[in-house]
Amino acid sequence: MNKNLKYFMRPEALEEKIVEAPAPDTFKGEDGEPVTMQIRVLKNKRIREINEAHRKRTVATDGRGNPLVAGGEVVWQVEKDNSRASRNIIAEALVFPDLHDKELMEFYHCYDSIDLVDMVFPSAAEFSHVNRYVMAALGLGPAIPTDKKEEDGDAKTGDDAIIDEAKN
């Protein structure tokens, strides 16, 4: 195989991709049909920045407040707020609904897009639905079946389909 760096120069890697997904069933349009969400596929770098923003690193101390040292180096205590980081990722990824929209924030009397996620999707079922679709679109969770047969468990997807194909 010829080694050519042009294989790695993909214009689509520079583009921002937006995908559509169904909103929870509780969100209906004027026509009574389910609303469609739009999800921006965030770059890995942006996801990492969001996760790092919700990570706090402090010097670990003993009961008297003295720094802990192990092997001649200071021991660090790391605290991660994975729940807030996840909501931040959702707020950044959603294009519609736009959780940075002033009118939406005023309606809910909430001016932090991260907290607005919980206001717009207050039930566990709604939040779980949105979280699953956003994380799947970003490649951070399992893919969501798009075929009715797959949802019913009749069709094999992913690794099962590959394994069955390899057997034959």
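The values are calculated or read from the model by the stated rules, or taken from the named source; none is laboratory data. Every value quoted in this text rests on a predicted model; they were computed, and no experiment measured them. Because the Cβ atoms are built from the backbone with ideal geometry, glycine has one as well, and the counts that use them run over all protein chains shown. Remember, those area values only see protein heavy atoms, side chains included, never the ligands or the DNA or RNA. Shrake-Rupley method; radii C 1.70, N 1.55, O 1.52, S 1.80 Å.
Pop out the carbon and sulfur fraction of the accessible area of the chain as a percent, whole number, probe 1.4 Å. Walk me through the numbers on the way to the answer.
On the way: 6260 of 12300 Å².
Exposed carbon and sulfur together represent 51 percent of the surface.
I'd like the FRET efficiency for SER83 and GLU20, computed as 1/(1 + (r/R0)^6) with the beta carbon distance as r and R0 of 30 Å, rounded to 0.05. Intermediate values should be presented prior to the final figure.
On the way: r = 26 Å, r/R0 = 0.87.
Result of the calculation: an efficiency of 0.70.
Could you calculate the contour length gain from GLU49 to ASN4, that is, 0.36 nm times the residue separation minus the distance between their Cα atoms, to one decimal place in nm?
Extending this stretch completely gives an extra 13.1 nm.
How far, in nm, would the chain grow between VAL74 and ARG132 when pulled straight, counting 0.36 nm per residue and subtracting the alpha carbon separation? Display every interim value, and only then the final one.
Numbers: separation 58, 0.36 × 58 = 20.88 nm, distance 3.89 nm.
That works out to 17.0 nm of additional length.
What residue among LEU138, LEU68, LEU116 has the largest mean-square fluctuation in a Gaussian network model of the chain, using Cα springs under 10 Å?
LEU68
State, as an integer percentage, the relative contact order of the chain based on alpha-carbon contacts under 8 Å between residues 6 or more apart. Walk me through the intermediate numbers first.
Working: 165 pairs, mean separation 28.1, N = 168.
Relative contact order, the chain: 17 percent.
Set the Förster radius R0 to 41 Å, insert the Cβ-Cβ distance between VAL41 and ASP62 as r into 1/(1 + (r/R0)^6), and round the FRET efficiency to 0.05.
On the way: r = 46 Å, r/R0 = 1.11.
Approximately 0.35, to the nearest 0.05.
On full extension of the chain, what length is gained from HIS109 through GLU30, given 0.36 nm per residue of separation minus the C-alpha to C-alpha distance? Mind dumping the intermediate values first?
On the way: separation 79, 0.36 × 79 = 28.44 nm, distance 2.42 nm.
Gain in length upon complete extension: 26.0 nm.
In deg cm²/dmol and to the nearest 500, what is the mean residue ellipticity at 222 nm of the chain if only DSSP H runs of at least 4 residues count, each as -39500 (n - 2.57), divided by the residue total?
On the way: 7 runs with 67 residues, N = 168.
Calculated at 222 nm, the ellipticity per residue is -11500 deg cm²/dmol.
Each label point is 7 Å from the Cα along the Cα-to-Cβ direction; what then is the distance between the points at ALA124 and ASP101, in nm?
Here the modelled spin labels are 2.9 nm apart.
Select from ILE18, ILE47, ILE114 the residue whose mean-square fluctuation is largest in a Gaussian network model of the chain (Cα-Cα springs shorter than 10 Å).
Highest fluctuation among the options: ILE18.
On average, how much accessible surface per residue is there in the chain, in Å², for a 1.4 Å probe, leaving out ligands, DNA and RNA?
Values: 12300 Å² over 168 residues.
Spelled out: the 1.4 Å probe surface of the chain, per residue, equals 73 Å².
Which of these values of log10 I(q)/I(0) by the Debye sum over Cα atoms at q = 0.10, 0.19 Å⁻¹ was calculated from the structure shown: (1) -0.60, -1.24; (2) -0.41, -1.40; (3) -0.35, -1.42?
(1)
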